[in-house]
Each structure stands twice: as C-alpha cells, then as structure tokens.
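The structure appears below as structure tokens.
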Amino acid sequence: MKKFTINLLILFFLLINFKTVKSEILIKAKVNNQIITNFDIKNEKNYLLALNPNLRNLPDEDIYRYAINSAINEKVKEIEIEKKYEILQNDNIIKKVISDLYLGIGISNINEFKKYLKDYNVNLDTVKKKIAIEVAWNDYIVRKYNNAILIDEDKIRDKISKLSAEKTVDNMLLSEIIFTINEKESFKKKLEIIRESINKIGFEETAKIHSVSESKKKGGEIGWVNKSQLSNKISEQIEKINVGEVTDPITVPGGFILIKLKDKKNQLLEINENEQFKKAVNFEKNRQLTMYSTLHYKRIFNKAIINEF
C-alpha cells in the first residue's frame, strides 16, 4: 500500500510538471502550417543580441519585433528551399562565414566565440543551421536566376574607357540597406523605423536587422567602388551627400536602397581596364542577383499564410 501511494505521488508530480512545461510553450506565429513558438523567438532574440550587441540600446518591444520578424523570414526561406532541395551544411563555407562573424565583433578565434555565444545561451550548432539556410537560399537564387542575368558588356567597357581618359577618379567607400515593404506595411512607416534605428544603433547594425541584401552580414558594407561600377541613378544620389551621410531612398526593382557614403578619395587614375571590367561585371552580376533575391522573397512572402498570435 505504501509503495502504491509513493508511485501515485510520483505520477501526480510528473503530471503537474508536464502541464507546467506545456503551458510555457506558446505558439507565437505560423508560416503556412509550420509553427514558431515563444522558445523560438527567445532563441532568435538571443542570437540577434549576440551578433548585434548594439541592439540592447533599443526598447524591448523593438527587439522582440525584430526577433519575430527574423524568425518568420527565416522560416519563409526554409520552406521555399525545401520544396526543391535538402538544406545541407557545407563545412568550408560555414567555417568561413563563422570566422567573418566573430572577427566582425572583435573575437579572435572559434573557442572564444563558443564561450561568447554561451553567455547569450546560444550554441554553435544554432549558428551553423542559420548560416546553412542563408547559404542554401543564395544557392537557390543563383540556380533559379543565373540565366536571367543580362549584362551590357559594351556599355561597361565604354564607361571604363571614358574614365581612363580622365586624370583622376572618385573612389567611394559605401554601405547599403536594401529594404522591401509587404502588403501590411506602409513605405513611410518602414522608412521611419529604419531611420530611427540608424539614429539609435547606427547604420551598420540597422543593416544587419533590416536589409534583405547579402551584404547585411557585414553591416551592409559594399566596399570601395568607383563610378564605373555604379548606375547613373545611384551615382547622382551619392553626389548629393557628404561623407558620413545617407542618401534618400532610391527605388530599385522589388524595393528601395539607402546608401551611406563612409569615405571618399580622389585618386590618380592608374587603371587596368581589363581588371576594372572584370570587377564591374562581377559587381553588376551580384547586383542583379540581389535584385532577383529581393523580388523572389517578396513574392513568396506575400503568398505565404502568416499568422501571429
């Protein structure tokens, strides 16, 4: 009888604990039929804070909103990729991306990075999974749209030829935020949120949160470019601002782009036309792939059945 009573008490406490655990798991969003729980949002928040420490300067409600949007965006991409391919982890690529991540926040090696992540309750496997999804998405876009890329090589060569006739050329260090709006958002409100974020945590940290471009991993950094690599529309807008300033939104296919002029130097032109041509073609190819990525994501996002609770 005593043994039966003990077993009954154990069963009772197990049931109580199960109900407690169950009550803590809440569905916060659904993308099609796949759920995102409060634990997923908490993990996403920890991940974002670990890689973007300046986020702590924002109100808690803004951090939560970024976390849930980030989790939804990742789920939308994951569902789309898995319609065609299995998401696999390429160790060499992931190792390189992880290295860029921890060097970007001032950490010198992988062991220190693991300890750092632990302070935010994030494990390295979570980071690897997220990188694998982004790598798979980029590969998916290249496979889908590579044949659609059109580059006017004659136009590029002509532009480089004209520049080579000049004695000097402007080189500009640029960063970007490419953003889109969905059916539930207004352009004015989205731009206001981005500008407020830039004021609070800086352009680079805001790019990591809001930009849909691949460059967001490096805080939106494009690098040093010269006029031969930029469209006339973008060049004209950059010429209106000073170093340290940000352009007004520029309309691009599928969305909008903000560009920050980080530095500028006027150099004597010692131009290798073949080298500049290769750089300009590669720049244009990446620009078009970013455009197709933005357009495709916007299309599948609008088609997805997304609910928040």
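The values are calculated or read from the model by the stated rules, or taken from the named source; none is laboratory data. Please read these numbers as outputs of a predicted model, since none were measured by experiment. Counting neighbours? That spans all protein chains shown, and the Cβs are built from the backbone with ideal geometry, glycine included.
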Tell me which of these D158 doesn't satisfy, since it passes every other one: (1) at pLDDT 90 or above; (2) over 27 Å from N73 (Cβ atoms).
(1)
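Go through the range 252-285 and give me each residue that's touching a residue at least 60 places away in the same chain (Cβ under 8 Å) and within 21 Å of the chain's Cα centre (by Cα).
Here is the first cut: in the range 252-285, the ones touching a residue at least 60 places away in the same chain (Cβ under 8 Å) are 252, 254-269, 271, 273, 276-277, 280-281, 284-285.
Passing the criteria: V252, G254, G255, F256, I257, L258, I259, K260, L261, K262, E284, K285.
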Between a residue in the range 194-207 that is within 9 Å of G220 (Cβ to Cβ) and any residue that is in a helix (DSSP H, G or I) and of a type in the set (S, T, Y), which pairs come within a Cβ distance under 8 Å, given they are 6 or more apart or on different chains?
T206/S197; A207/S215
Hits in the range 192-234 (condition: small (G, A, S) and under 21 Å from the mean Cα position of the chain (by Cα)):
S197, G202, A207, S211, S213, S215, G219, G220, G223
Criterion violated by I259 - all others in (1) touching a helix residue (DSSP H, G or I) at 6+ places or on another chain (Cβ under 7 Å); (2) assigned to a helix (DSSP H, G or I); (3) of a type in the set (A, V, I, L, M, F, W, C) satisfied:
(2)
Any chance the range 217-231 includes a residue that's part of a helix (DSSP H, G or I) and under 30 Å from K28 (Cα atoms)?
yes
Looking at the range 257-306, which of its residues are among the acidic types (D, E) and closer than 14 Å to I149 by Cα?
E284
Of those in the range 72-110 that are touching a residue at least 60 places away in the same chain (Cβ under 8 Å) and acidic (D, E), the residue surrounded by the most Cβ atoms within 10 Å (Cβ to Cβ) is E80
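Just give me the residues in the range 270-309 being of a type in the set (S, T, N, Q) and either over 16 Å from K75 (Cβ atoms) or buried (at least 17 other Cβ atoms within 10 Å of the Cβ) (or both), in sequence order. Even if it seems obvious, please write down each step before you answer.
The first filter runs over the range 270-309 and keeps only residues of a type in the set (S, T, N, Q), leaving 272, 274, 276, 282, 286, 288, 290, 293-294, 302, 307.
Once the filter is applied, which keeps residues that are of a type in the set (S, T, N, Q) and either over 16 Å from K75 (Cβ atoms) or buried (at least 17 other Cβ atoms within 10 Å of the Cβ) (or both), the range 270-309 yields N272, N274, Q276, N282, N286, Q288, T290, S293, T294.
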Would you say Q237 is over 23 Å from the mean Cα position of the chain (by Cα), outside the structural domain of E74 (by TED's automatic domain parsing) and modelled with pLDDT of 85 or more?
yes
When you scan the range 29-46, do you find a residue that is surrounded by 17 or more Cβ atoms within 10 Å (Cβ to Cβ), out of contact with any His (no Cβ under 7 Å at 6 or more places or on another chain), assigned to a loop (DSSP other than H, G, I, E, B) and not assigned by TED's automatic domain parsing to the domain that holds R299, even just one?
no
Here the residues within the range 39-91 that are touching an Asp or Glu at 6+ places or on another chain (Cβ under 9 Å), over 22 Å from N121 (Cβ atoms) and among the hydrophobic types (A, V, I, L, M, F, W, C) are I81, I87
Per the filter on the range 111-130, residues over 18 Å from the mean Cα position of the chain (by Cα), assigned to a helix (DSSP H, G or I) and surrounded by 13 or more Cβ atoms within 10 Å (Cβ to Cβ) are F113, K114, Y116, L117, L124
Residue hits (the range 169-207; closer than 18 Å to R287 by Cα and not aromatic (F, W, Y)) are M172, L173, L174, S175, E176, I177, I178, T180, A207
Within the range 131-214, considering only helices (runs of 4 or more DSSP H) that don't extend past its boundaries, which have at least 1 residues that are buried (at least 17 other Cβ atoms within 10 Å of the Cβ), in the same structural domain as K83 (by TED's automatic domain parsing) and in contact with a helix residue (DSSP H, G or I) (Cβ under 6 Å, 6 or more places away or on another chain)?
none
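Yes/no per residue for (1) at pLDDT 95 or above; (2) buried (at least 20 other Cβ atoms within 10 Å of the Cβ); (3) within 17 Å of the chain's Cα centre (by Cα):
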| position | (1), (2), (3) |
| --- | --- |
| K19 | no, no, no |
| K22 | no, no, no |
| I25 | no, no, no |
| L51 | no, yes, yes |
| R56 | no, no, no |
| E61 | no, no, no |
| A67 | no, yes, yes |
| S70 | no, no, yes |
